[in-house]
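Structure record follows, encoded as structure tokens.
The values are calculated or read from the model by the stated rules, or taken from the named source; none is laboratory data. Quick caveat, the model's predicted, so the values are computed rather than measured. Heads up, the Cβs are rebuilt from the backbone with ideal geometry, glycines too, and the neighbour counts pull from every protein chain shown. Side chains included, ligands, DNA and RNA excluded: accessible areas come from the protein's heavy atoms. Shrake-Rupley method; radii C 1.70, N 1.55, O 1.52, S 1.80 Å.
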Amino acid sequence: MTELHGNSTEMVNRQSQSTWVRKDRFRTAKKQVLAVRSCKVSTPGALAIMFVAAVWVSTLRGEDASNRPLTMETVSGKGVWIDPKIRDVNVNRRSSVGGLTIKVWFDKQFLGTGDAYRRRAEEFSNAERRALRSRIVKGLQTLSEASHAVASDALQSLESDGVIRELQRHWIVNGFTCKTTIDGVEKIKTVPGVKKIFLANNSVLRRGGLQAAIPPTTASGSEQRQSYKHPWYIRSLRADRVWEEFGILGSGTLNVIADGNFAVSPNLAASVYRNPKEIPDNGKDDDGNGWIDDCHGYNFVNRSNQLTVVQSPRAVFSRTLHGSMCATIICGNGTRESPYEFGIAPEAKWAGVIGGLFELEPAVEWAVLQNADTYSMSFSNPNLGEYRSHVRKVFEHGAFCGVFFVSGAGNFAQTAKLPVQMRSPEDTPEVVFAAAGVQRDLSKTIFSSQGPVRWDTEHYQDGMVRKPEVCAFNQDLPCQLPNGDVIDVQISGNSFAGPMFCGSIALMLAADPDLLPWDCREIITQTATDIADEGYDYQTGHGLIDCYRAVKEVLRRKAVRDGTDASMYAASDSKNNVDDQLAAMSKIKPVLTVVAVRPGSPAAADGVKPGDLVVSINGQPIAERKGYDSARQRARSNPITLVLQRGGNRNSYQVPPIAWGLSLGMRAANVFD
């Protein structure tokens, strides 16, 4: 196996030891300050000790440099680099203005080289996340202003001459986006400060209409929550124990979901973010960020606040619920009318952004300026080539701005070969946390993408990299409809494992809002429960997320940092307890069940109902959905004989080769409790 660069045990141990040596020194110095203060002594010797210790604390925290400008770096490489794909585009795109969409880096960035993220994470290892966010954002914006001031005349000239159009400035990466031609690229090379030019996918600038703000609603109280019903994954990830033992439910965190559509149920309306600087529905950009009425998020594809692009049926499942279910898993609330509480962090808030990897810069900038904590992405783009470097730099700078980027691992194990089963953004090392998925009984799902991934772009030379980080659940999950009703078994895919990861991080950040991204990654991987081959594996990463152990470790570290008693957070779960938990989960054997019947379909006309159990097809017992699918494929144009059981009765049906109108899933007892 090729060496996994950046993941060797020796390197990790060395970095961890270095970080903890400084933190131990910090704790010692802080205790000296506190000890002298507690004695209320004002002798010259005591004051001298306190002064020296305070300076040492300040130095270790980096407070001595907090008012100085950030050190910016020169981007590596000689001359101006141009994405090789630009020369390969077809004639039509080469010759028409707007035929090429390019992303441009200036020569100065916060992270100038491919290995800068890890290096500068070490530099800021003792920072506090919220203070670091403010400092990095200010530094990035200042750098952008300076670079654009130098390039302004040249860019205005190119715009006036029709060489470029639709110029958009960015600060999350110091540069800009524009549309141009192949000849225009050569002219852009001459703009002062231009260093790298990437080819992006073309997009058509569309304008959407304004959407009314979601009416305010009352969030759940603690007494109400006790009567709510929670899905099984809450127990399996031990989020419920975090709620009960620590009283932590995600309060104070904002989770941005990047998707294509949001159908807002009453359960989601209770936890939606409301931009405090925006006046709803007045058609104005009250907060001056360039986006009108961005109360709950923004659609960066059609440049409007329209988050519900397609209306979803209120009482029937639809694929248009994808974004809504991602938000629901993170922080869906219960209500009096619908007592189903899906959220891992039910007191957290969510906001929606519509836009993928080609609208990434404004979407991430918006999230950062709203003080977002997590950014969930349940989409995947293959074959991006060198553009992956641009995407990664956005995420790296965004991580230093305090945002935790999360993605599912993808669903391409059956259609793609290694090392490209995990694509962008889930293949991004260190700053995008990727979750693979397993079934409720901890068995692997056949579609879940796995690592490793390869990084050998012009800017990043990591080689083979370990992915994914951890796993959650990704098959036969319950679904909540826009009217608040639920379907016990309906949705599958790593699109929903990623939000479980997000919800877990929201609990960790509610425990310690100053937790740094690199420390969070270390904690959640170290506290995960190994459920496959001993140690790390490419199917389940470091193991199944354990919210309770992760939050407990966050609280322990915070107590140590604050100089308070950390003993109450010492590890208490024995290996036997963990083994017992895993054994109980692995004994859960779901059965193949009819989970939905389409109204007016042949199956509905024949009297099939949700909850009917599948017994056999053509006389052969069927225990899993893939057996049903295989039998249908073998039958091809012939009908099959399907036997279903309801209570003590069995009924036989002749199922035609056309769509019959039922959905099957693996259902176990106690979906909610």
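Some points to look at:
- In order along region 172-181, the phi-based Karplus estimate (6.51 cos²θ - 1.76 cosθ + 1.60, θ = phi - 60°) of 3J(HN,Hα) comes to 4, 10, 6, x, 7, 10, 7, 10, 7, 10 Hz; Gly and Pro are listed as x.
- In the complete set of protein chains, residue-level accessible area for residue 442 is approximately 30 Å², probe 1.4 angstrom.
- Stretching residue 182 away from residue 123 to a fully extended chain increases their span by 17.2 nm, per 0.36 nm per residue minus the current alpha-carbon distance.
- Whole-Hz ³J(HN,Hα) from phi, Karplus 6.51 cos²θ - 1.76 cosθ + 1.60, for region 313-318, glycine and proline x: x, 6, 10, 10, 5, 8
- Cα-only Debye scattering, region 480-561: base-10 log of I(q)/I(0) at q = 0.12, 0.21, 0.26 Å⁻¹: -0.45, -0.98, -1.22
- The mean sequence distance of close C-alpha pairs (under 8 Å, at least 6 residues apart), as a share of the length of region 345-429, puts its relative contact order at 34 percent.
- Which of 556, 238 is most accessible, then next, and so on - probe 1.4 Å: 556, 238
- Bins of 5 Å, starting at 0 and running to the largest distance - Cα pair percent for region 254-297: 5, 22, 25, 24, 21, 4, 0
- Cα-based radius of gyration of region 297-430 once divided by 2.2 N^0.38 Å, which approximates compact folds: 1.14
- Kirkwood-based shape ratio for region 283-323, expressed as Rg/Rh from alpha carbons: 1.11
- Probe 1.4 Å, all protein chains present, accessible-area order of 72, 500, largest first: 72, 500
- Residues whose placed amide H lies under 5 Å from that of residue 100, excluding near-sequence neighbours: 180
- Stretched out straight at 0.36 nm per residue, the stretch from residue 564 to residue 636 would grow longer than its current Cα-Cα span by 19.1 nm.
- Taking all protein chains together and a 1.4 Å probe, the residues 227, 630 rank 227, 630 from largest to smallest accessible area.
- Sulfur and carbon atoms: percent of accessible area, region 131-273 [1.4 Å]: 49 percent
- In the context of the full protein assembly, residue 314 retains an accessible surface of approximately 130 Å², using a probe radius of 1.4 Å and ignoring ligands and nucleic acids.
- Rounded to the nearest 0.05, the FRET efficiency derived from the C-beta distance between residue 141 and residue 672 at R0 = 41 Å is 0.30.
- Per-pair calculated FRET efficiency, R0 = 22 Å: residue 207 and residue 160 via Cβ, rounded to 0.05: 0.35
- For region 370-420, average projected area of the Cα convex hull in nm²: 4.2 nm²
- With a simple spin-label model that places each label point 7 Å from the Cα along the Cα-to-Cβ direction, the separation between residue 311 and residue 287 comes to 2.9 nm.
- Surface share of carbon and sulfur [accessible, 1.4 angstrom probe, percent] for region 422-567: 40 percent
- Probe 1.4 Å, accessible area per residue of region 366-490, Å²: 24 Å²
- One way to sum up the overall shape of region 129-203 is the equivalent ellipsoid from its Cα gyration tensor, whose semi-axes run 26, 14, 10 Å, largest first.
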